[in-house]
Every structure is written in structure tokens, then in C-alpha cells.
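Asker: Would you mind keeping the following structure in view while I ask a few things?
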Amino acid sequence: MKEQCSIEVHNLTTTYGNTPVLWDVDFELPSGQIIGIIGPNGSGKTTLLKTIMGLLSPASGYVKIFDKNIDQMRERIAYVPQRESVDWDFPASVFDVVKMGRYRSNNLFRRSTKTDLAIVEESIEKVGLSDFRNRQISQLSGGQQQRVFIARALAQKADIYLMDEPFVGVDAATENAILSLLQEMKKDGKTVLMIHHDLQTVSDYFDYLVLLNTRLIAKGTPQEVLTEENLSNAYGGQLTLLAKVANLIKENEFPIRERDVDL
Amino acid sequence: MVGDAISHAVLPGIVVAYFFSGDKTSGLLLFGATLTGVIASAIIDFLSRKAKIQGDASIGITYTLLFALGMIMIASGGGNNVDLDMNCVLYGDIATINLDKVIVDGNLYIGPYAFYVELVAFFIILIVLLVGFKGFKLISFNEDFAKSLGINTGIWHYLMMGLVALTTVVGFEVVGAVLVVGFLIIPPATAQLIVNQLKNMLIVAVAFGVGAVIIGFYVASWFNVSYTGGMILVAGINFFIVLFLSNFSKKLKLKA
Ligand SMILES: Nc1ncnc2c1ncn2[C@@H]1O[C@H](COP(=O)(O)OP(=O)(O)O)[C@@H](O)[C@H]1O
Ligand SMILES: [Mg+2]
């Protein structure tokens with residue numbers, strides 16, 4: 001392993017106006033793993049990704065990517081925003097959007113090269129959208145739109161991938177397809193940091209977890225993080241959900257990778 | 001509705017430039033107006049992003065304030081040689097446009113002055129769009145993603161606002177501050193209904209715009225009503241026809 005730590009977040013506080021949305025969050029993430037960020041709605045998960053990407057500037061603290069400032073590392077980090085954050089009626093095809101993954105501040109005034117176009121084709125292929133490459137993006141299902149976003153990130157040929165809820169509005173088959181794609185990326189030494197909302201699948205999907213609720217509640221392997229105490233600290237009053245997960249954990253003991261799907 | 005805001009907000013810029021240059025056809029006028037347009041969009045930006053005022057409110061505050069400022073400036077300068085009047089600002093002077101003639105060689109009339117101003121603006125916009133197409137496309141689809149690539153979205157944003165301001169200013173002298181917004185918005189909105197590529201949208205929008213102007217002109221002359229009104233009416237009717245037809249054809253496709 002050449003680089004042990006992919007992302008370092010140091011005493012990070014981010015505010016909107018005067019309201020802190022992230023408070024003194026501090027962690028270091030391993031590299032070459034699939035890492036999940038979990039936490040209730042409004043707990044600052046999206047804000048965390050945006051701050052890591054430098055889209056928001058923190059009130060205090062800092063972020064390091066492979067021990068460097070984000071602006072020196074943009075070539076090596078890809079960002080997949082929440083799907084709802086863009087207008088899908090925009091007049092563009094699948095190919096057009098994925099091609100944006102090859103845009104750089106120094107090539108905006110040039111035509112795309114042959115290599116760029118080949119990478120775009122390959123990325124579309126990887127997410128299984130080749131048959132839709134010329135389709136207008138508004139005429140895609142939610143799952144297909146999500147795959148367009150992932151293909152755009154793949155086209156960036158980065159080492160770290162930050163994804164904001166890539167499984168929202170995605171059917172089970174697509175979710176599995178994306179998941180095996182992520183496993184493949186991991187084999188190639190890539191790091192994936194993903195916001196995830198479905199607590200029932202977290203221990204299956206992730207090697208490492210960050211549990212957030214404005215503050216950092218817990219970080220570590222799923223076994224370390226998914227304790228009753230941590231979950232009640234993060235999710236507070238949402239007891240039914242909590243009970244369900246706690247039961248799930250008890251019943252299966254860890255590791256619960258082989259569990260049946262009879263949840 | 002940033003276009004709407006800019007079209008009203010450029011007024012003080014025009015007035016100030018007018019005081020300095022003293023004639024309606026100077027390049028200084030264009031420059032002043034464009035500059036005010038860009039300043040207006042900077043204020044809107046500041047209010048909504050830094051001061052966390054709601055987007056609509058930021059726009060409303062900015063343009064009404066600047067527009068009011070322009071009105072007061074016109075009213076207070078009205079006693080002098082200033083023949084900029086509110087009617088002309090609001091409704092344009094397309095009907096009297098032939099008064100500003102371009103005459104070469106003493107007597108050869110080659111068209112109204114405004115036509116040449118528009119022509120120059122057209123080429124400026126065309127060139128900037130051709131050169132910056134990728135950048136404009138990227139930031140209009142997904143600004144956060146553009147930022148994540150390390151692209152300076154601020155520069156692109158202001159470049160685009162500058163073009164909107166320029167378009168507004170040259171159009172506004174002819175069709176007025178109110179309806180120029182219609183010319184800015186209706187043709188592209190119509191085009192978006194039927195195209196699936198940004199490039200085609202630009203071409204189709206221009207075609208719809210020009211079509212509405214020509215048809216609107218003849219309709220208005222026939223009924224002896226306002227030219228600008230006729231043009232926007234035609235553009236609007238065209239929009240609803242296309243909307244209806246495109247929904248209709250989508251339904252057919254679903255059934256097939
Ligand atoms: N642009 C914004 N302006 C003000 N408050 C915001 C903004 N975006 C998010 N928030 C608030 O910040 C908190 C965290 O939001 P977010 O990071 O989107 O949470 P999550 O992704 O975990 O659901 C929420 O309370 C939300 O209402
Ligand atoms: Mg979120």
C-alpha cells in the first residue's frame with residue numbers, strides 16, 4: 001500500500017449562516033475500501049461531501065486528500081452529486097453528460113481527443129448503458145440517470161470516488177450491478193466513499209463506516225459502528241427503525257454477510 | 001428570471017452613460033448598461049449566497065431598486081436636453097426606429113442604426129458562445145460538478161450574465177424593458193420542448209425568435225397594433241402550439 005490514508009478530515013466545522021451543520025468532525029479514512037457515510041436525514045452527510053470537495057468552505061478545520069490540499073488533487077477525486085441536484089430536462093444525451101467527466105479547466109476550449117471519447121464509451125459500457133448512449137437524459141428511468149452520473153465519474157479515471165446516495169430511486173437489479181462495479185473498482189485499488197440511507201444493507205456493502213449526526217458519532221468497521229448505543233445516539237427517537245436494526249444485528253451476530261433476505 | 005432582473009436593472013447604467021455621452025447611439029451607453037447588468041447579477045448573487053436571502057427575493061430587491069434609481073435619474077434630468085423618456089424605456093421605440101438612420105455618402109440609406117448595433121452584438125455573442133460552448137454547457141447543467149473539477153465557475157457565470165446584459169441592452173432600446181424578457185425566454189423555452197441537444201436548441205430558438213419577429217410584424221401592421229406586442233404574441237402562441245403538439249406526440253409514442 002503506497003497510500004494508507006485516502007481522506008483526512010480534521011476538526012471540521014461547516015455552517016450555513018450561523019447554524020453549524022457539521023461540528024468538529026474528525027476522521028481518517030483508509031484507502032482502497034468501500035466506505036459508507038450513514039446518519040439520519042439532515043445530519044450533514046451531503047454537507048460533508050461538499051466540504052471535502054471544496055464546494056463549501058469550512059468555518060474551521062481542514063480536509064486533506066492523500067495528504068494534500070484538494071485543489072492539488074482534483075485529477076484524482078471524482079464527485080457524484082445527488083441525482084435530484086440537477087435538471088434532467090436539460091437538452092443533452094447520455095453521451096454528452098458522460099463526456100463531461102473528461103472536461104478539465106485546461107481543455108474547455110479544445111475538442112475532445114480520441115482517447116477521451118474512447119474512455120467515455122468504455123465508461124458508458126461499464127454501467128450497461130451502451131444501448132442508450134444517444135438517448136436524451138430526460139427519457140431515462142431514475143436508475144439509468146443514476147448510472148449516467150456514475151459513468152461520468154468513471155470517465156474521470158480518479159482514485160477516490162465520492163457518491164451522494166447513488167442508490168436512491170434505483171431498482172434492486174441496478175443496485176446489485178452498481179455494487180459489483182464498486183467491488184471491481186476496489187480490486188483496482190480505488191477508494192469509494194458513499195452516502196447510504198438503508199441501514200439494513202450497510203453491513204453487507206461497506207468495509208468501513210462513518211456514522212454522523214452533525215457530530216461524528218462513530219467510525220470504524222461495521223461491527224464497531226453498528227452498536228445499539230451508537231445507533232441510538234445518531235438516530236435518537238426513531239425507535240422502530242432502531243429496534244429493527246438492533247434485532248437484525250442480534251439475530252445474525254457478525255459477520256452477517258451470509259444472512260438471508262427475509263428481513 | 002435573471003434576464004428580467006437585468007433588463008430592468010440596466011436602466012441606471014443607461015442613464016448615467018447617457019448623461020456622459022449625451023447621445024443615444026454611443027458605445028458608451030452599451031458599455032454602461034452591460035456593466036450595470038453585471039453589477040446587478042453580482043448583487044443578486046451576493047444577496048442569495050452570502051446573505052442567504054431567498055433567490056426570488058434577491059432578484060426582486062435588486063432590480064426594483066436599480067430600476068427605481070434609473071427612473072429618478074431620468075425624471076430629474078428630464079428638464080435638460082435628455083430625451084430619454086419612460087415610455088420609450090418601457091415600451092421601446094421600434095415604431096420610430098427609422099428616425100435613427102444610418103446614412104452613408106450623404107444620402108444612401110442603409111437601414112436603422114439599431115439594426116447595426118444588434119448585428120455587432122449578434123457576432124460578439126456568437127463568437128463567445130462558439131469558443132466557450134463546453135464551459136457554458138457544463139455550468140448550466142451541473143455547476144457543483146464543474147466546481148468539483150476545479151473549474152472557475154464564477155468567471156463563466158459572469159461571462160454568461162454579461163452576454164445576457166448585452167442582449168438585453170441592445171434589445172431593450174428597440175422593444176422596451178418589459179417585453180425584451182419575452183424575447184429572451186420564450187423562443188428557447190419553445191425550442192427546449194422539441195430538441196434533445198443544446199446545440200440544436202440554440203439554432204431552433206433563433207429560428208423561432210426570427211420567425212415570431214417577422215410574422216408578428218406583419219400581423220401587427222395588418223391590425224395596426226404595437227409591433228412588439230404582435231411579435232411576443234406570436235412567440236407565445238407558437239409556444240403553446242408546440243407544447244400541445246409535443247405532448248400529443250409523446251402520448252402517441254407511449255401508445256405505440
Ligand atoms: N443551502 C443550505 N442552506 C441552509 N441550510 C442548509 C442548506 N443545505 C442544507 N442545509 C441544512 O443543513 C442540514 C444538513 O443538510 P445535509 O447535509 O443535506 O444533510 P443530509 O445529506 O445528511 O440529509 C439540514 O438541516 C439542512 O436543512
Ligand atoms: Mg443528503
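The values are calculated or read from the model by the stated rules, or taken from the named source; none is laboratory data. Model, not experiment: these values are computed from the prediction. Quick reminder, even Gly has a Cβ in these numbers, built from the backbone with ideal geometry, and neighbours come from all protein chains shown. When the accessible area is computed, the model is the full protein with side chains, heavy atoms only, and any ligands, DNA or RNA have been set aside. Shrake-Rupley method; radii C 1.70, N 1.55, O 1.52, S 1.80 Å.
Asker: Kindly indicate the residue of the stretch A:194-224 that is away from ligand 2 (no atom under 16 Å from the Cβ) and under 20 Å from residue A:11 (Cα atoms) and also surrounded by the most Cβ atoms within 10 Å (Cβ to Cβ) among those meeting that condition.
Answerer: This residue is A:209.
Asker: Follow-up question, since we're still on this one. Does residue A:9 qualify as being away from ligand 2 (no atom under 16 Å from the Cβ) and surrounded by 15 or more Cβ atoms within 10 Å (Cβ to Cβ)?
Answerer: So residue A:9 fits the description; yes.
Asker: I'd like to know if the stretch A:150-161 contains one or more residues that are open to solvent by 70 Å² or more (accessible area, probe 1.4 Å), within 27 Å of residue A:28 (Cα to Cα) and touching a residue at least 60 places away in the same chain (Cβ under 8 Å).
Answerer: Taking the stretch A:150-161 first, the residues open to solvent by 70 Å² or more (accessible area, probe 1.4 Å) are A:157.
This time we only want the ones that are within 27 Å of residue A:28 (Cα to Cα), so: A:157.
Pick out the ones that are also touching a residue at least 60 places away in the same chain (Cβ under 8 Å) and you get none.
The answer is no; no qualifying residue exists.
Asker: Can you go through A:59, A:78 and tell me which one is open to solvent by 60 Å² or more (accessible area, probe 1.4 Å) and more than 17 Å from residue A:213 (Cα to Cα)? Talk me through it step by step, then tell me what you get.
Answerer: Numbers: A:78 fails: open to solvent by 60 Å² or more (accessible area, probe 1.4 Å).
The conditions single out A:59.
Asker: Next up: Hey, can you tell me all the residues within the stretch A:177-216 that are within 14 Å of residue A:235 (Cα to Cα), modelled with pLDDT of 95 or more and among the β-branched types (Val, Ile, Thr)?
Answerer: Correct list: A:210 only.
Asker: Here's something else I'd like to know. Has the stretch B:87-98 got at least one residue that is in contact with a strand residue (DSSP E or B) (Cβ under 7 Å, 6 or more places away or on another chain) and modelled with pLDDT under 80?
Answerer: yes
Asker: I've got another one for you. Go through the stretch A:20-63 and give me each residue that's within 16 Å of ligand 2 (Cβ to nearest atom) and of a type outside the set (A, V, I, L, M).
Answerer: Result: A:36, A:39, A:40, A:41, A:42, A:43, A:44, A:45, A:46, A:47, A:50, A:51.
Asker: Also, quick follow-up: Can you name the condition, by its number, that residue A:146 falls short on among (1) assigned to a loop (DSSP other than H, G, I, E, B); (2) surrounded by 21 or more Cβ atoms within 10 Å (Cβ to Cβ)?
Answerer: For residue A:146, the failing item is (1).
Asker: A further question on this structure: Restricting to the stretch A:46-62, give me the number of residues that are in contact (Cβ under 8 Å) with a residue 40 or more places away in the chain and at the interface with chain B (Cβ under 7 Å from one of its Cβ atoms).
Answerer: 1
Asker: Loosely packed, with under 15 Cβ neighbours inside 10 Å, more than 13 Å from ligand 1 (Cβ to nearest atom) and under 20 Å from residue B:138 (Cβ atoms), is that true of residue A:84?
Answerer: Values: loosely packed, with under 15 Cβ neighbours inside 10 Å: yes; more than 13 Å from ligand 1 (Cβ to nearest atom): no; under 20 Å from residue B:138 (Cβ atoms): yes.
Considered against the rule, which asks whether it is loosely packed, with under 15 Cβ neighbours inside 10 Å, more than 13 Å from ligand 1 (Cβ to nearest atom) and under 20 Å from residue B:138 (Cβ atoms), residue A:84 comes out as no.
Asker: Right, something else. Taking the condition of being open to solvent by 10 Å² or more (accessible area, probe 1.4 Å) and either within 17 Å of residue A:177 (Cβ to Cβ) or of a type in the set (S, T, N, Q) (or both), how many residues in the stretch A:94-132 meet it?
Answerer: So the count comes out to 14.
Asker: Moving to a separate point now. Among the residues of the stretch B:143-164, count how many are facing chain A (nearest Cβ under 7 Å) and closer than 19 Å to residue B:188 by Cβ.
Answerer: Total meeting the criteria: 0.
Asker: How many of the residues making up the stretch A:63-104 are within 11 Å of another protein chain (Cβ to nearest Cβ), among the polar types (S, T, N, Q) and in a loop (DSSP other than H, G, I, E, B)?
Answerer: 1
Yes/no per residue for (1) of a type outside the set (D, E, K, R); (2) within 14 Å of chain A (Cβ to nearest Cβ); (3) over 19 Å from residue B:167 (Cα atoms); (4) buried (at least 19 other Cβ atoms within 10 Å of the Cβ):
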{"position": "B:191", "(1), (2), (3), (4)": "yes, yes, no, yes"}
{"position": "B:201", "(1), (2), (3), (4)": "yes, yes, no, yes"}
{"position": "B:207", "(1), (2), (3), (4)": "yes, no, no, no"}
{"position": "B:212", "(1), (2), (3), (4)": "yes, no, no, yes"}
{"position": "B:219", "(1), (2), (3), (4)": "yes, no, yes, no"}
{"position": "B:231", "(1), (2), (3), (4)": "yes, no, no, yes"}
{"position": "B:246", "(1), (2), (3), (4)": "yes, yes, yes, no"}
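Asker: Take the stretch A:40-55 and flag every residue that is open to solvent by 10 Å² or more (accessible area, probe 1.4 Å), closer than 13 Å to residue A:235 by Cα and either of a type in the set (Gly, Ala, Ser) or more than 6 Å from ligand 1 (Cβ to nearest atom) (or both).
Answerer: Hits for the stretch A:40-55 are A:40, A:42.
Asker: Restricting attention to the stretch A:23-45, does a residue exist that is away from chain B (no Cβ under 14 Å), small (Gly, Ala, Ser), part of a strand (DSSP E or B) and over 22 Å from residue A:197 (Cα atoms)?
Answerer: Within the stretch A:23-45 (the criterion being away from chain B (no Cβ under 14 Å), small (Gly, Ala, Ser), part of a strand (DSSP E or B) and over 22 Å from residue A:197 (Cα atoms)), the answer is no, since none of the residues qualifies.
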